[in-house]
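Below: the structure, in structure tokens.
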Amino acid sequence: MKLKKFVDALPIPSIIRPKGMYEDKPFYDVRMIETLHKFHRDLPKTKVWGYNGLVPGPTFDVEKNQPIYVRWTNHLPLKHFLPVDKTIHGASHNPEVRTVVHLHGSPSEPASDGHPEAWFTRDFRQTGPHFMKEIYYYTNRERATALWYHDHALGITRLNVYAGLAGLYFIRDEQERSLSLPKGKYEVPLIIQDKTFNPDGSLFYPAQPDNPSPNLPYPSIVPSFLGDTITVNGKVWPFLKVEPRKYRFRLLNASNTRTYQFRLSNLRPFALIGTDGGLLSRPIKVKSLDVSPAERIDIVIDFSGLEGINVILQDGFESENPTGEIMKFQVTKFLSCPDQSRLPSFLGHIDRIPLNKVKKIRRLTLNDSQDEFGRLMLLFDDKEWMDPATETPLLNSVEIWELVNLTPGIHPIHVHLVNFRVLDRYDQNGNLVAPLPADFGLKDTVLVGPGETVRIIMKFQPFSGDYVWHCHRLEHEDHDMMRPLKIIPSNPKRHKSNR
Ligand code: C2O
Ligand code: CU
């Protein structure tokens, strides 16, 4: 499908309001439904699955330390509209359409974390072995930042997210407000996803790899998926008219596989001010940023002095291809009032975990393997999802994980419950390599490059229980690049006698 670029205006996802109160806290009701969505002026409407029927889903905008309840319900058809491979983990003896919602980056209690086996079907008729309750509780205790929520059902996460089940979740706080960063219509979310469309407008997702070997199941999972079309906030290659002033963009890579190298066509530097876990301590001036699936970047772009100019947001990894362009900023609006927003040199304080607090160092490999059909399968330490838990940190303990990538691909590694710091990176010869700009912030997902070793440090709190860690390339996550993370109460005996 050849679609004309920059003919649709960038939509801004609506903010969801609570439906009422539950146990004295705001209560939100979100329904997953199948609907039709207009991705492009010249494309017929596309069947999608959306939270409240929206793609992307509605944006949550909540205040720090003000907990909320959310009831996520499944009103989807019983059959998937994308090709379901029944041979992979979680997909064989379970209902075809399963959903569960994970608030990515949030330290949620286990029962509200959206464990992949806490899935539920339409009207909660069937539930997975880890399902505990219908109404999720979010404490919103973390610093101001952009989280996102998305589907996490075992074995079909890649299909459910691609179908449209993803949205943003902002946490605000006083400290952030005191900085006078660009706000209101000058703070713009950008949710970026690559898609491929069939000529009739329907979403294309491969049912098998190209040149499949004859013994492959049909449909069969593929090890990666790159769409040939880029969407932002649910529109194909949109444009945004801007004023000649500073804007703050809250960017989320919600793509299945694709890592982008974001840069501006005028090659002007821009400022990285925040990462997955909130604001950096000070802005970092950059010319490009590598962002892998599930990572969020908080950036300030200054369009002043660019009156009448078009600036394209580009992907430096694809400069020769149509997907090398993402969206267009048209600096055609007049300055409606003087730009009083600031880009302060100090943004916020980030706690450092002292190295002498480290309880355990784990060396964890990212390696290639093969499944029983001879398909490429990516694993951690050569272990599959169903193998017994090996990452079992004690509650409140500090660990260093050395993520050793023995493969030729990029893997964005995500750990539930925690924010971590990136300590350092090494190439395959063990030489220290330069940090990525995002390594200076708090992270929940880290890009591990081909052959690289990345060391991360984190403290496992505030809950014990069953979580997961995984690669956020969704085709990898669904094909066993995911492992249990079991956090053990630090002193179980004493705990009991206290009751
Ligand atoms: Cu964004 Cu375990 O997920
Ligand atoms: Cu991976």
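The values are calculated or read from the model by the stated rules, or taken from the named source; none is laboratory data. Nothing here was measured: the structure is a model prediction, and the numbers come from that model. Cβ coordinates were reconstructed from backbone atoms using ideal geometry, including for glycine residues, and neighbour counts include every protein chain displayed. SASA here: full protein model, heavy atoms, side chains in, ligands and nucleic acids out. Shrake-Rupley method; radii C 1.70, N 1.55, O 1.52, S 1.80 Å.
Miscellaneous remarks
- Cα-projected label distance for Asp351 with Met132, points at 7 Å along beta-carbon direction, nm: 2.2 nm
- Candidate residues Leu442, Leu76: accessible-area rank, largest first, probe 1.4 Å: Leu442, Leu76
- Taking the Cα centre of the chain as reference, the dipole from Cβ charges on Lys and Arg (+1) and Asp and Glu (-1) amounts to some 1460 debye.
- Cα centroid separation - the range 260-337 against the range 389-423, whole Å: 29 Å
- Apportionment of accessible area to carbon and sulfur, the chain, percent (1.4 Å): 51 percent
- Spin-label model distance (nm) - Arg172 vs Thr392, 7 Å beyond Cα toward Cβ: 4.5 nm
- Overall dimensions of the range 269-400, expressed as equivalent-ellipsoid semi-axes from the Cα gyration tensor (√(5λ), whole Å, largest first), are 41, 26, 10.
- Cα convex hull volume per residue for the range 350-499 (Å³): 119 Å³
- Ellipticity estimate at 222 nm from DSSP helix runs (n ≥ 4, -39,500 (n - 2.57)) divided over the chain, nearest 500: -1000 deg cm²/dmol
- Charge dipole (debye, nearest 20) of the range 12-107; +1 at Cβ of Lys and Arg, -1 at Cβ of Asp and Glu: 260 debye
- The range 347-363-the range 149-191 distance, computed between alpha-carbon centres (Å): 26 Å
- Measuring nothing but how far apart in sequence close Cα pairs (under 8 Å, 6+ apart) lie, relative to its length, the chain scores a relative contact order of 14 percent.
- Placing +1 on each Lys and Arg Cβ and -1 on each Asp and Glu Cβ, with no other charges, gives the range 222-332 a dipole about its Cα centre of roughly 440 debye.
- Kirkwood hydrodynamic radius over Cα pairs of the range 99-182, then Stokes diffusion coefficient at 37 °C and 0.692 mPa s, in µm²/s: 235 µm²/s
- Surface/4 of the Cα convex hull for the chain, nm²: 24.2 nm²
- Taking the average, over residues, of other Cβ atoms within 10 Å as the packing measure, peptides 411-420, 179-188, 459-468, 274-283 rank 411-420, 274-283, 459-468, 179-188 from highest down.
- The Val358 and Gln66 beta-carbon pair, evaluated with R₀ = 35 Å, returns a calculated FRET efficiency of approximately 0.55.
- Dipole of the chain, positive direction: furthest Cα of Leu82, Gly465, Leu280, with charges on the beta-carbon: Leu280
- From most to least packed by mean Cβ count within 10 Å, the peptides 351-363, 9-21 give 9-21, 351-363.
- Normalised per residue, the accessible area of the range 330-485 is 43 Å², obtained with a 1.4 Å probe and no contribution from ligands, DNA or RNA.
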